[in-house]
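Novice: Quick one: structure below, then a few questions.
The values are calculated or read from the model by the stated rules, or taken from the named source; none is laboratory data. Remember, predicted model here, so these are calculated numbers, not experimental data. When we count neighbours, we look across all protein chains shown, and the Cβ atoms used for this are built from the backbone with ideal geometry, even at glycine. We work out accessible area using only protein heavy atoms, side chains counted, and drop any ligands, DNA or RNA first. Shrake-Rupley method; radii C 1.70, N 1.55, O 1.52, S 1.80 Å.
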Amino acid sequence: MANILVVTEHIKGNFEDISFEMLGLARELAGATGGTCSALVFGAMKSNASQLGAADVVLAADAGDEYNPEEYSAIVESVIKDKSPDLVLIGSTSMGVDIAGQVGTTLNLPIISYCNAIEASGSAFKCTSQLYGGKLNSQVQVSQQAIVMVLAGSADPETGKSGGSASLEDVSAGKGAGKVRFKTLIEPEASDVDITQSQVLVSIGRGVGSKDDIEAIEELAESLNADVSCSRPIVDAGWMSKSRQVGKSGLKVKPKVYLALGISGAPEHIEGMKSASTIIAVNTDPQAPIFDVAHYGIVGDLFDVTEELMDELD
Amino acid sequence: MKILVLLRQVPDLVEDLEVDDSGKALDVSEIKFKLNEYDEHALEEAILLKERGEADEVVALTQEGEGSEKVLYTALAKGATLAKSIAISGEASDSAQFAKLMAEAAKAEGGDMIMVGVQSVDDRDGQLAPIVAASLDMPCISAVTGVKVSGNTASIFKEYSGGIMAEFEADLPAVIGIQAAEQPPRYAPVSKIKQIQDSAEIGSLSASSSNGASSIEVLALAPPPKGEGAKMLDSGKDLLDVLKDLGVA
């Protein structure tokens, strides 16, 4: 019998999809083992508890409405102590990375990161983690209370919305030492192009060697009536603006066609583009994980393929 | 204001990754290691703070071993004020234990801020920043893309999904998990690294592993199961045919 606790995430008053995905996984595990599935919500999110339909119990913690790594970690810690769940699911996200590591260390619990599948195996759990940029999967087994960090996209968010009773329980919890204070949320700068609305995206990654090389890609995009987007390294290198970034910390896109040039397909990138109707990948590395999600692929140099395409288009 | 930057070497993903005979771990005999790219950003952010006058010292730390001298001399060439290698006795059985060893070394060195890369490709058992922070009873903020220090507090900019950011204020000392520095990591010319090698000294720290077994049992490490996979095309011409069928060319 496995009792699962899901630590929900919210932003601007809405639950993030990862909350529903984790609840879906928790519901399945609880169902398979005859256990229960509870969801922890913070501050004003209590009033949205009914959305967490897969939870047997929604635990509502008195907290600031905005995420605070110190305060929320302290709350998770005291709820784990109080409720003794067998497994705690936390998002493999910007917020989750703060909470899981701190709580796991303080309570001396094992942490399993980058997990995309969990299976009950007797009284133990088997978890699959995506490591090395998605090139290898690690399967581990844990036979004690543990924290699992769940990657976005591991379950259908719809599965987290029904199947439980979502009864509400207030929990009192620690607040932390007040060393971290939330100041403000900062919205992204307005962009000339909204890539979430683009029908066709030509997207570039690390395979582009220099900023000057982007011009050839822009020409190709123009010929295809496409917009240019990119993966994280291109933004970090300062070659394109943040508003063009696809992925976990960038934007989620769903164009009709996504042409990925020189993008290896790390899980953080896949998260942002896997909903594209048709994915076409060009990469020199035949092992690149992008080929696992692509519908069409070419193993080759992105500039050779771009040049050949331009020649054919002329 | 003294910043410690913890640097890790990780497998270069450009390489073909092979699993060893146990079927549970990476075969590291042939592969190339490189500095974790998020750690490069952590170092860059620390050096930026020093250049802006918000920090006085930047101390680069890394585990002693193959390639560690190159990592540290490069950090000095980029602008770190001091570099030390950490001799670890025993072996960390997972990334959580490794993080606790790093915390021990960081504590011995002492600092007002610890900067590390937000994640690495192999930290399966938890990320470095929050584990170091909890081990040293310091606050931690990860996924950070900007830091400003003023006296004993720091303004910290944390990235959420969809390009939204949050600003926090934190009392120092604190641990920061850097997602990206405010500017791309600088390049250190080989000539400068050579020059540093001749003039600078690398200090040393030590940390000892408790050799505790991991409570996580590894069953297997393997390439992900292949789905249907992509239909492979031979040329740009074939690709154009596909694009035409899809109505975009």
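Novice: May I ask you to list the residues in segment A:273-283 that are at pLDDT 95 or above and either more than 9 Å from every other protein chain (Cβ to nearest Cβ) or open to solvent by less than 50 Å² (accessible area, probe 1.4 Å) (or both)?
Specialist: A:MET273, A:ALA276, A:THR278, A:ILE279, A:ILE280, A:ALA281, A:VAL282, A:ASN283
Novice: If you don't mind, another one. Restricting to segment A:222-238, give me the number of residues that are open to solvent by 40 Å² or more (accessible area, probe 1.4 Å), farther than 18 Å from A:PRO188 by Cβ and assigned to a loop (DSSP other than H, G, I, E, B).
Specialist: So the count comes out to 1.
Novice: Can you tell me which of (1) of a type in the set (Gly, Ala, Ser); (2) over 19 Å from the mean Cα position of the chain (by Cα); (3) outside any helix (DSSP H, G or I) is the one B:SER191 doesn't meet?
Specialist: Of the numbered conditions (1) of a type in the set (Gly, Ala, Ser); (2) over 19 Å from the mean Cα position of the chain (by Cα); (3) outside any helix (DSSP H, G or I), the odd one out for B:SER191 is (3).
Novice: Still on this model: Taking the condition open to solvent by less than 10 Å² (accessible area, probe 1.4 Å), β-branched (Val, Ile, Thr) and more than 26 Å from A:SER121 (Cβ to Cβ), does A:ILE80 pass?
Specialist: No; evaluated as a whole, the condition is false for this residue.
Novice: For segment A:290-314, what are the residues that are within 7 Å of another protein chain (Cβ to nearest Cβ) and assigned to a loop (DSSP other than H, G, I, E, B)?
Specialist: A:ALA294, A:HIS295
Novice: Would you please list the contacts, defined by Cβ atoms under 7 Å and residues six or more apart or on different chains, that run from a residue in segment B:120-145 that is more than 9 Å from B:ALA103 (Cα to Cα) to a residue that is basic (Lys, Arg) and open to solvent by less than 10 Å² (accessible area, probe 1.4 Å)?
Specialist: B:ILE141/B:LYS158; B:ALA143/B:LYS158; B:VAL144/B:LYS158
Novice: Please identify the pairs in which a residue from segment A:287-301 that is in contact (Cβ under 8 Å) with a residue 40 or more places away in the chain has its Cβ atom under 7 Å from the Cβ atom of a residue that is open to solvent by less than 60 Å² (accessible area, probe 1.4 Å) and basic (Lys, Arg), counting only partners at least 6 apart or on another chain.
Specialist: Once the first residue is in contact (Cβ under 8 Å) with a residue 40 or more places away in the chain and sits in segment A:287-301, its partners that are open to solvent by less than 60 Å² (accessible area, probe 1.4 Å) and basic (Lys, Arg) give A:GLN287/A:LYS135; A:PRO289/A:LYS135.
Novice: Name the one entry in A:GLY265, A:GLY238 that is touching an Asp or Glu at 6+ places or on another chain (Cβ under 9 Å) and either in contact (Cβ under 8 Å) with a residue 24 or more places away in the chain or small (Gly, Ala, Ser) (or both).
Specialist: After applying the criteria, what remains is A:GLY265.
Novice: Considering every residue within segment B:208-231, establish whether at least one is part of a loop (DSSP other than H, G, I, E, B), at positive phi and within 11 Å of another protein chain (Cβ to nearest Cβ).
Specialist: Applying the first criterion (part of a loop (DSSP other than H, G, I, E, B)) to segment B:208-231 yields B:209-215, B:223-230.
Of the ones still in play, those that are also at positive phi are B:211, B:229.
Then keep just the ones that are within 11 Å of another protein chain (Cβ to nearest Cβ); that gives B:229.
Yes: one or more hits.
Novice: So, in segment B:1-39, of the ones that are under 12 Å from the mean Cα position of the chain (by Cα) and of a type in the set (D, E, K, R), which residue ends up farthest from A:ARG232 (Cα to Cα)?
Specialist: It comes out as B:ARG8.
Novice: Please enumerate the residues belonging to segment A:93-116 that are more than 7 Å from chain B (Cβ to nearest Cβ) and touching a Cys at 6+ places or on another chain (Cβ under 7 Å).
Specialist: A:CYS115
Novice: Determine, yes or no, whether A:LYS248 is more than 8 Å from chain B (Cβ to nearest Cβ), within 30 Å of B:MET165 (Cβ to Cβ) and open to solvent by 40 Å² or more (accessible area, probe 1.4 Å).
Specialist: Values: more than 8 Å from chain B (Cβ to nearest Cβ): no; within 30 Å of B:MET165 (Cβ to Cβ): yes; open to solvent by 40 Å² or more (accessible area, probe 1.4 Å): yes.
Answer is no for this residue.
Novice: Could you check B:GLU167 against (1) under 30 Å from B:ASP112 (Cα atoms); (2) more than 8 Å from chain A (Cβ to nearest Cβ); (3) without any contact (Cβ under 8 Å) to a residue 60 or more places away in the chain; (4) not in a loop (DSSP other than H, G, I, E, B) and say which number it fails?
Specialist: The number of the failed condition is (2).
Novice: Could you please find all residues in segment A:21-80 being among the β-branched types (Val, Ile, Thr), within 18 Å of A:GLY91 (Cβ to Cβ) and free of Cβ contacts under 8 Å to residues at least 40 places away in the same chain?
Specialist: Of everything in segment A:21-80, just one residue is among the β-branched types (Val, Ile, Thr), within 18 Å of A:GLY91 (Cβ to Cβ) and free of Cβ contacts under 8 Å to residues at least 40 places away in the same chain, namely A:VAL41.
Novice: All but one of (1) part of a helix (DSSP H, G or I); (2) touching a residue at least 24 places away in the same chain (Cβ under 8 Å); (3) open to solvent by 60 Å² or more (accessible area, probe 1.4 Å) hold for A:GLU218, so report the exception by its number.
Specialist: (2)
Novice: Additional query: Scan segment A:124-136 and report the pairs whose first residue is within 17 Å of A:SER154 (Cβ to Cβ) and whose second residue is crowded, with 24+ Cβ neighbours inside 10 Å and of a type in the set (Asp, Glu), with Cβ atoms within less than 9 Å and a gap of 6+ or a chain change.
Specialist: Between residues of segment A:124-136 that are within 17 Å of A:SER154 (Cβ to Cβ) and residues that are crowded, with 24+ Cβ neighbours inside 10 Å and of a type in the set (Asp, Glu), the close pairs are A:LEU131/B:ASP123.
Novice: Here are some conditions: (1) modelled with pLDDT of 95 or more; (2) farther than 21 Å from A:PHE291 by Cβ. A:SER203 meets all but one. Which one does it not meet?
Specialist: Condition (2) is where A:SER203 drops out.
Novice: Report, by residue number, each residue of segment B:209-222 that is surrounded by fewer than 16 Cβ atoms within 10 Å (Cβ to Cβ) and of a type outside the set (A, V, I, L, M).
Specialist: Of everything in segment B:209-222, those that are surrounded by fewer than 16 Cβ atoms within 10 Å (Cβ to Cβ) and of a type outside the set (A, V, I, L, M) turn out to be B:SER210, B:ASN211, B:GLY212, B:GLU217.
Novice: Does A:TYR72 qualify as being part of a loop (DSSP other than H, G, I, E, B), within 14 Å of chain B (Cβ to nearest Cβ) and either at pLDDT below 95 or under 17 Å from A:LYS175 (Cβ atoms) (or both)?
Specialist: No; evaluated as a whole, the condition is false for this residue.
Novice: Do the conditions hold for B:LYS192, that is, is it out of contact with any Cys (no Cβ under 7 Å at 6 or more places or on another chain), in contact (Cβ under 8 Å) with a residue 12 or more places away in the chain and open to solvent by 50 Å² or more (accessible area, probe 1.4 Å)?
Specialist: Yes, satisfied.
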